[in-house]
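Step one of this worksheet: look at the structure below.
The values are calculated or read from the model by the stated rules, or taken from the named source; none is laboratory data. This one's a predicted model, so the numbers in the text were calculated from it and none came from an experiment. Glycine gets a Cβ as well: all are built from the backbone with ideal geometry, and neighbour counts include every protein chain shown.
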Amino acid sequence: VEEAALSHELGHLIGLVNLGSPAVNSHEDSQSNNHCDVNECLMRAEIEFGSGLMGILESRAGKGQAIPDLDSECLLDLQANGGR
């Protein structure tokens, strides 16, 4: 849980989801500012607020990967801002 939350917060620190890095395509959750609207993205609000975090981690652990990745929209934003 801590690793997922820290990774999520790092995403905010580097400007993901309208916190300094402009979005290539709109993917901000209309119900939770500065969070991604793509299911199972590391930048979903559930990762920060914990309401659905355990469910996400448990379902992913069964697939061999507990911590969510950034979705394609967040990765595009990073690449557009100089990331590789």
Out of all the residues in the range 3-28, which are among the hydrophobic types (A, V, I, L, M, F, W, C) and in contact with a strand residue (DSSP E or B) (Cβ under 9 Å, 6 or more places away or on another chain)? Leu16, Val17
Mind listing just one residue for me: the one in the range 29-51 that is touching a Leu at 6+ places or on another chain (Cβ under 9 Å) and modelled with pLDDT under 80 and, of those, surrounded by the most Cβ atoms within 10 Å (Cβ to Cβ)? Ile47
Among residues of the range 52-84 being over 14 Å from Cys36 (Cβ atoms), charged (D, E, K, R) and assigned to a helix (DSSP H, G or I), the residue modelled with the highest pLDDT is Glu58
What number of residues within the range 1-27 satisfy the criterion of being surrounded by 15 or more Cβ atoms within 10 Å (Cβ to Cβ), of a type outside the set (Gly, Ala, Ser) and within 10 Å of Cys74 (Cα to Cα)? 4
